[in-house]
1. Given the structure, is residue 268 within 14 Å of residue 151 (Cα to Cα) and touching a strand residue (DSSP E or B) at 6+ places or on another chain (Cβ under 6 Å)?
2. Hey, which of the strands (runs of 3 or more DSSP E) in the range 240-311, taking only ones fully inside, have at least 1 residues that are over 33 Å from the mean Cα position of the chain (by Cα) and surrounded by fewer than 17 Cβ atoms within 10 Å (Cβ to Cβ)?
3. Go through the range 339-351 and report how many residues are out of contact with any helix residue (DSSP H, G or I) (no Cβ under 9 Å at 6 or more places or on another chain) and surrounded by 11 or more Cβ atoms within 10 Å (Cβ to Cβ).
4. Just to check your reading of the model, which residue among 186, 151, 111 is in a strand (DSSP E or B) and either modelled with pLDDT of 70 or more or more than 15 Å from residue 233 (Cα to Cα) (or both)?
5. Please work out if residue 90 is in contact with a helix residue (DSSP H, G or I) (Cβ under 6 Å, 6 or more places away or on another chain), surrounded by fewer than 19 Cβ atoms within 10 Å (Cβ to Cβ) and either at pLDDT below 70 or not assigned by TED's automatic domain parsing to the domain that holds residue 278 (or both).
6. How many residues, within the range 306-334, are out of contact with any helix residue (DSSP H, G or I) (no Cβ under 7 Å at 6 or more places or on another chain) and over 27 Å from residue 163 (Cα atoms)?
7. So is residue 250 modelled with pLDDT of 95 or more and on the phi < 0 side of the Ramachandran plot or not?
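The values are calculated or read from the model by the stated rules, or taken from the named source; none is laboratory data. Please read these numbers as outputs of a predicted model, since none were measured by experiment. Neighbour counts run over all protein chains shown; Cβ positions are idealised from the backbone, glycine included.
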């Protein structure tokens, strides 16, 4: 038989006590047992909820198993609602209340996403492609003894539709470095802006301006990791540094990176190259170089349907770049024709 813990005098208002099986039950009427002091040597009394037992026959008249069954029935309680669920049902309920992150992605039913993207966006091989990416341009840059000339047009097309006549295709990466846009407008704008951020971080870390060689390599590495995924870029990085002098690099969306003296990129490059190759030389004066860049873009806008709008002209020096206007091609065309006799296929006689 279990004996009660502690002194019975600590139980105020205790009125009855009886023994049921191996349990010693004390019934309280009003007050709970007071909390003993920490310094008291009296052990703590264990209190259990009181349940009135039902009358039992003498223990000797029942078998042992029947006695245990009776005790279990008397002191057991019905199962709560949460105890009815099995472990798998509880787990399912938790998943329904707080679903986990799904890593399933919807994939198009095609064998090669690169080939599908090219078929849907390449209007040269498929004029009826459903997605018309804005492209079509003429950009050029060349080195000479006074620095680098960068010139572009400003027309953006989407298929046969002229989307804009005032696109700024020269990206000012920093105060001494310029980039040009040709291909997909969104791709060029995003990645050249990202290159500008990387150049600024390099300057903050190393306390010096980044070289043109390093900047072009960063851009080539970035776009190479997306090779075959639909990027459309043909850009140039132009700058002048004390260690490099005038430096010019061409980078495209396949990761190609080339250094050279002059580059033309875009749908009108054939017409611009015709003027540049005829009159380019390294020892040009500043005004001669600016006029050569202007006339090369003008020739491209005259013959290429995807080039036009305005001529954007920059001169890059070691101290930084200088902008030389954003000028409409029409007045320049007529001035060149009347003063120099060029574009003889166009007549000025309206009679």
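1. So residue 268 passes the test.
2. Once the strands (runs of 3 or more DSSP E) in the range 240-311 are filtered for at least 1 residues that are over 33 Å from the mean Cα position of the chain (by Cα) and surrounded by fewer than 17 Cβ atoms within 10 Å (Cβ to Cβ), what remains is 245-252.
3. 0
4. On inspection, the qualifying residue turns out to be 151.
5. When the stated conditions are applied, residue 90 does not pass them.
6. Total meeting the criteria: 7.
7. Against the criterion (modelled with pLDDT of 95 or more and on the phi < 0 side of the Ramachandran plot), residue 250 qualifies.
Listed here are the residues, each with its yes/no results for (1) over 21 Å from the mean Cα position of the chain (by Cα); (2) farther than 29 Å from residue 297 by Cα; (3) in the same structural domain as residue 150 (by TED's automatic domain parsing); (4) surrounded by 19 or more Cβ atoms within 10 Å (Cβ to Cβ).
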residue	(1), (2), (3), (4)
162	yes, no, yes, no
175	yes, no, yes, no
191	no, no, yes, yes
200	no, yes, yes, no
203	yes, yes, yes, no
213	yes, no, yes, no
227	no, yes, yes, no
